[in-house]
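Visitor: Here it is: the structure, laid out below.
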Amino acid sequence: TVKRDGFKSHVLDLNADFGSRFQQFFPDLSWAELEPIFTEPDLFALHKSQFDLLAENWSTRILSHAPKYVGFSAFTQRNRLMIKLLCGKLRQKDRNVKLLVGGADCSDTIALLQPDQLVDFYILGEADEAIVQLLRGDLSFPGINSLARPIKSLSDIPIPDYSNLDFSQYTSQPPTFY
């Protein structure tokens, strides 16, 4: 959507990156054992040194693109704690970068981020129109730090551009959880 309106964007698939490297950071844990770590703050804190290394690496990669804005798609509760850690790293390294959160789990994620001022903007609901207006500087547009208005016709929205994502990082079989 933003490219159609003349803005540049770059997507980093940090979930795929983590999936391909999780055993490097957690050699003694299976996917099933990792699952509760992402949702339980006390368990997450026990593994903070590993998550810090990951957040350091990712924040460096993100900032190497010299972004004005960094957006996170909070699509599940499993993202919340890592998004918080990564936003904190980005804030430490570059206070000028604007941090944005959207996605299906946005409400609960921003509730975790706002007390520490780790998010500048959030978009609740369909973000396609609101994100363009945010980039244009119209901070009063519905959806920016409020609920977005519904999109009238999805055919007006461009198909997402995933051309810079490496889908080979995803396995053809999901991990076994037992």
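Visitor: If you check ALA66 against the conditions, is it out of contact with any Phe, Trp or Tyr (no Cβ under 9 Å at 6 or more places or on another chain), open to solvent by 20 Å² or more (accessible area, probe 1.4 Å) and among the aliphatic types (A, V, I, L, M)?
Guide: Yes.
Every residue, every condition in (1) of a type outside the set (A, V, I, L, M, F, W, C); (2) more than 21 Å from LYS93 (Cβ to Cβ), yes or no:
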position	(1), (2)
GLY6	yes, yes
LEU14	no, no
LEU34	no, yes
SER64	yes, no
GLN77	yes, yes
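Visitor: For PHE7, indicate whether it is farther than 30 Å from SER153 by Cβ and not charged (D, E, K, R).
Guide: no
Visitor: Among the residues of the range 26-53, which ones are at pLDDT below 90, aliphatic (A, V, I, L, M) and exposed (fewer than 15 other Cβ atoms within 10 Å of the Cβ)?
Guide: ALA32
For every residue, the table says whether it meets (1) under 27 Å from LEU139 (Cβ atoms); (2) surrounded by 12 or more Cβ atoms within 10 Å (Cβ to Cβ); (3) in contact with a Ser or Thr (Cβ under 9 Å, 6 or more places away or on another chain); (4) at pLDDT below 90.
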site	(1), (2), (3), (4)
GLN24	no, no, no, yes
GLN92	yes, no, yes, no
ARG95	yes, no, no, no
ASP105	yes, yes, yes, yes
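Visitor: Looking at the range 49-61, is at least one residue more than 23 Å from PRO158 (Cβ to Cβ), assigned to a helix (DSSP H, G or I), β-branched (Val, Ile, Thr) and touching a helix residue (DSSP H, G or I) at 6+ places or on another chain (Cβ under 7 Å)?
Guide: Checked against the condition, which is being more than 23 Å from PRO158 (Cβ to Cβ), assigned to a helix (DSSP H, G or I), β-branched (Val, Ile, Thr) and touching a helix residue (DSSP H, G or I) at 6+ places or on another chain (Cβ under 7 Å), the range 49-61 yields no hits at all.
Visitor: Could you please find all residues in the range 133-165 being open to solvent by less than 50 Å² (accessible area, probe 1.4 Å), of a type in the set (A, V, I, L, M) and either farther than 20 Å from ILE110 by Cα or in a loop (DSSP other than H, G, I, E, B) (or both)?
Guide: If the condition is that a residue be open to solvent by less than 50 Å² (accessible area, probe 1.4 Å), of a type in the set (A, V, I, L, M) and either farther than 20 Å from ILE110 by Cα or in a loop (DSSP other than H, G, I, E, B) (or both), then ALA148, ILE151, ILE157, LEU165 are the ones that fit.
Visitor: Taking the condition of being touching a helix residue (DSSP H, G or I) at 6+ places or on another chain (Cβ under 9 Å) and assigned to a helix (DSSP H, G or I), how many residues in the range 72-110 meet it?
Guide: 19
Visitor: Would you confirm, using the coordinates I've provided, whether GLY19 is buried (at least 17 other Cβ atoms within 10 Å of the Cβ) and in contact (Cβ under 8 Å) with a residue 12 or more places away in the chain?
Guide: No: the conditions fail for GLY19.
Visitor: Sticking with this structure for a sec: Search the range 166-178 for residues being open to solvent by 90 Å² or more (accessible area, probe 1.4 Å) and more than 22 Å from LYS8 (Cα to Cα), and hand back the single one that is modelled with the highest pLDDT.
Guide: SER168
The values are calculated or read from the model by the stated rules, or taken from the named source; none is laboratory data. This is a predicted model, so every value here is computed, not measured. Note: ideal-geometry Cβ built from the backbone for every residue, glycine included; neighbour counts use all protein chains shown. Only protein heavy atoms, including side chains, enter the accessible area calculation; ligands, DNA and RNA are left aside. Shrake-Rupley method; radii C 1.70, N 1.55, O 1.52, S 1.80 Å.
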